[in-house]
Structure formats: structure tokens, C-alpha cells
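See structure below.
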Amino acid sequence: MNTPQPGILLPLPSHARYLSFDIANRDGIAGCLRALRDLADGENTVVGFGSPLASALNADIPGLKPFPLITAPGLSIESAPEAVWVWLRGDDRGEILHRSRRITRALEPAFALKELWDAFKHDNGRDLSGYEDGTENPKDDEAVAAAIVCDDQPALAGSSFVATQRWAHRFDRFEAMPGDEQDNTVGRRRSDNEELDDAPESAHVKRTAQESFTPEAFVVRRSMPWADGNEGGLMFVAFGHSFAAFEAQLNRMVGNEDGIADALFKFTQPLSGAYFWCPAMQDERLDLTPLGI
Ligand code: HEM
């Protein structure tokens, strides 16, 4: 029976690294993916494949597509059509570095490393703005129902779709806001994480309230802060059984539903976005049969 890559449903690690690759040489793809299969356990190393890879292999993964171009007044979110995404999870940055080198070496004949971002758990699971992130994530069976393709799609059962976006925070802007405005931006109180009853419609948790969509739009968020020098932000990562829930949320965040944009945009911006399909595991190995491998 196929099961999900365990890392998708596990709590966040203390450290992580995100790698993404473009295709460099089509001839070597199948061999490199077999090598990746030998290195990735789905738990400490979670793997996803983008639509350029499925196209290069002539594989049909129903539901996999490029990240949509999302525009709204004053906003355009770049899409990054990437072939392979690897989320390295662990507690030891040195071990992650060495695993990252092994994986890059195994993929390099056919793929070129395009992006590499280190990420970490901050203050027990807070965004760098200081707000707890992940509170309203579905748990246990509900997490599986939200994030994992179920048996009614037998070819993909146990797999998942992930939307990733790197957001860069403008800390000076955030710090210049009075505390009340910061809380209203998120819609929760930073001090005790209580949801604010009287939060404005632009508050992030009002924009994204998962049960307020029709159909309900649940995702499993596994975002982690990133930092580079004095810059930083959030590596937003949301797993779903399709991209529909994420797209509904993002559409409302940018104001395409009612003209009200998410107040988060006052201090943070997405720099990129990408979509990947995360294969299931079979006999403790990535099941690459939907890709014809
Ligand atoms: C820098 C970017 C972002 C930051 C700092 C951020 C932060 C937060 C925080 C602090 C919460 C409240 C606690 C919680 O339930 O987790 C939250 C909730 C949530 N966020 Fe974000 N978020 C970001 C981007 C996004 C994006 C791009 C989406 C989806 C398109 C999203 C979807 C959600 C959802 C679904 C919830 C739970 C809403 C509910 O059902 O109550 N977030 N986020």
C-alpha cells in the first residue's frame, strides 16, 4: 500500500534546507531520479517534482501544473517553474549540509541547482514577526484528509501537492507599526495567540479562514523562517491533496474576491512561488511509477 512521505505530516524540525533544481540535460533524468530515490527517505528528505519534469518524461500527473501568474493592483507574484524540490529536515546543520551535497551530486548530471535556502524553527514555531504559525493546521486524520491524495485517485493515492513561496519581510515597516496594528495585521494577539473577534476584514486569518471557503479550503502548512545576513522572512510551504485550497486562499489574500488585500502585504512580499507533486512511498522508497520510472 502506498503511504505519504512521513516528513509531510511530522512536526517541524529545528533546521531545514530547501533545494530546487532546473533540468540541465534531459538524457540523464531517469538515472538521476533513481539515484535520488536511493538517498531520499521521505522523512528527513521530502521530495517534490514540478511540471517541467513531468513534461520532460511525458508523464501525466493529474493536477500538477505550473504556479499560476497571480496579479492584483500593485502586486505580481513571480512563478518559478522548477523541476525538482527537496526539503531537507534535521537537527544538525552539518549533517544537512552533507546530505545536501550528496543529493546535489546525485542529481547534477541531469539537473542544475537553482535555489538553496536554509531555514530554521524560531522561538518554538513562530514567524520572524513573532506570531505563532501553524495554530489552525488540521491534525491527525484531518491533516491526512487535507494534505494527501486519497484512494479515489488510485494512481496518485498517498502522494501530495505542495505550494511553496519565499516571502521577504520588511522588518523596519513591521517594527514601525503600533502593537495593535501588528495584531490586526495577523488577526491574532501576539502575546497569547488569541484570535481577535473584532479584527478587520484585511486581517490575515480572516482572509485565509479555512472553513469560510466553499468548499472548505484546508491545507497543512509547514512553513519555516529563513534568514540571510540581516534579511529574512518565511518559506511558506503548504501541502494539499490538490492546489485548489491554496489557490482559493491566495486569491482572497490578494483581494481578487472582494477588493480587500491581506494586511500582511504591508510588511512582507512573496518573491517567488512554485508548485510540486510529492510522490507516495512504497516499501519505504519513493514510488516513481507515475513518472514512468
Ligand atoms: C509571510 C507570509 C505569511 C505569514 C507570516 C503567515 C502567518 C500566519 C499566522 C501567524 C497565522 C495564524 C496562526 C495559524 O493558524 O497558523 C496564519 C494562519 C494562516 N495562514 Fe498564513 N502566513 C503567511 C502566508 C500565508 C499564505 C501565502 C497562505 C495561503 C495562500 C496562508 C494561509 C494561512 C492559513 C490557511 C491560515 C489559517 C487560517 C485559519 O483557518 O484560521 N498564509 N498565517
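Could you check how many residues of region 201-228 are in a loop (DSSP other than H, G, I, E, B), of a type outside the set (Phe, Trp, Tyr) and open to solvent by 50 Å² or more (accessible area, probe 1.4 Å)?
Within region 201-228, residues that are in a loop (DSSP other than H, G, I, E, B), of a type outside the set (Phe, Trp, Tyr) and open to solvent by 50 Å² or more (accessible area, probe 1.4 Å) number 4.
For residue 271, indicate whether it is closer than 30 Å to residue 61 by Cβ, in contact (Cβ under 8 Å) with a residue 60 or more places away in the chain, surrounded by fewer than 17 Cβ atoms within 10 Å (Cβ to Cβ) and within 12 Å of the ligand (Cβ to nearest atom).
Yes; evaluated as a whole, the condition is true for this residue.
Taking region 244-264 on its own, how many of its residues are within 10 Å of the ligand (Cβ to nearest atom) and buried (at least 19 other Cβ atoms within 10 Å of the Cβ)?
Residues flagged as within 10 Å of the ligand (Cβ to nearest atom) and buried (at least 19 other Cβ atoms within 10 Å of the Cβ) within region 244-264 amount to 10.
Name, by its number, the condition in (1) crowded, with 18+ Cβ neighbours inside 10 Å; (2) out of contact with any Ser or Thr (no Cβ under 9 Å at 6 or more places or on another chain); (3) not in a loop (DSSP other than H, G, I, E, B) that does not hold for residue 20.
Just one mismatch for residue 20, condition (2).
Any chance region 280-288 includes a residue that's crowded, with 20+ Cβ neighbours inside 10 Å and within 15 Å of the ligand (Cβ to nearest atom)?
Scanning region 280-288 turns up no residue that is crowded, with 20+ Cβ neighbours inside 10 Å and within 15 Å of the ligand (Cβ to nearest atom).
Is there any pair with a first residue in region 244-258 that is without any contact (Cβ under 8 Å) to a residue 40 or more places away in the chain and farther than 24 Å from residue 148 by Cβ and a second that is more than 8 Å from the ligand (Cβ to nearest atom) and part of a helix (DSSP H, G or I) whose Cβ atoms are under 8 Å apart and which are 6 or more apart or on different chains, and what are they?
Listed pairs, sorted by first residue: 257/251.
When the residues of region 175-194 are filtered to those that are open to solvent by less than 70 Å² (accessible area, probe 1.4 Å) and touching a residue at least 40 places away in the same chain (Cβ under 8 Å), which remaining residue is farthest from residue 206 (Cα to Cα)?
This residue is 177.
Let me spell it out: the conditions are (1) surrounded by fewer than 16 Cβ atoms within 10 Å (Cβ to Cβ); (2) in contact with a Ser or Thr (Cβ under 9 Å, 6 or more places away or on another chain); (3) not basic (Lys, Arg), and residue 42 meets all of them except one. Which number is the exception?
With respect to (1) surrounded by fewer than 16 Cβ atoms within 10 Å (Cβ to Cβ); (2) in contact with a Ser or Thr (Cβ under 9 Å, 6 or more places away or on another chain); (3) not basic (Lys, Arg), residue 42 is out only on (1).
List the residue pairs whose Cβ atoms are under 6 Å apart, where the first residue sits in region 150-172 and is more than 17 Å from residue 265 (Cα to Cα) and within 13 Å of the ligand (Cβ to nearest atom), the second is among the aromatic types (Phe, Trp, Tyr) and in a helix (DSSP H, G or I), and the two are 6 or more positions apart or on different chains.
163/246
Checking the conditions here, which among 99, 105, 126, 93 is open to solvent by less than 80 Å² (accessible area, probe 1.4 Å), more than 16 Å from the ligand (Cβ to nearest atom) and basic (Lys, Arg)?
99
Restricting attention to region 110-166, which residues are assigned to a helix (DSSP H, G or I) and over 19 Å from residue 208 (Cα atoms)?
Hits for region 110-166 are 140, 141, 144, 154, 155, 156.
The values are calculated or read from the model by the stated rules, or taken from the named source; none is laboratory data. For clarity, every value in this text was computed on a predicted model and none was experimentally measured. Don't worry about glycine lacking a Cβ; one is built from the backbone with ideal geometry, like all the others, and counts go over all protein chains shown. Just so you know, the surface numbers come from the protein's heavy atoms only, side chains and all, with ligands and any DNA or RNA stripped out. Shrake-Rupley method; radii C 1.70, N 1.55, O 1.52, S 1.80 Å.
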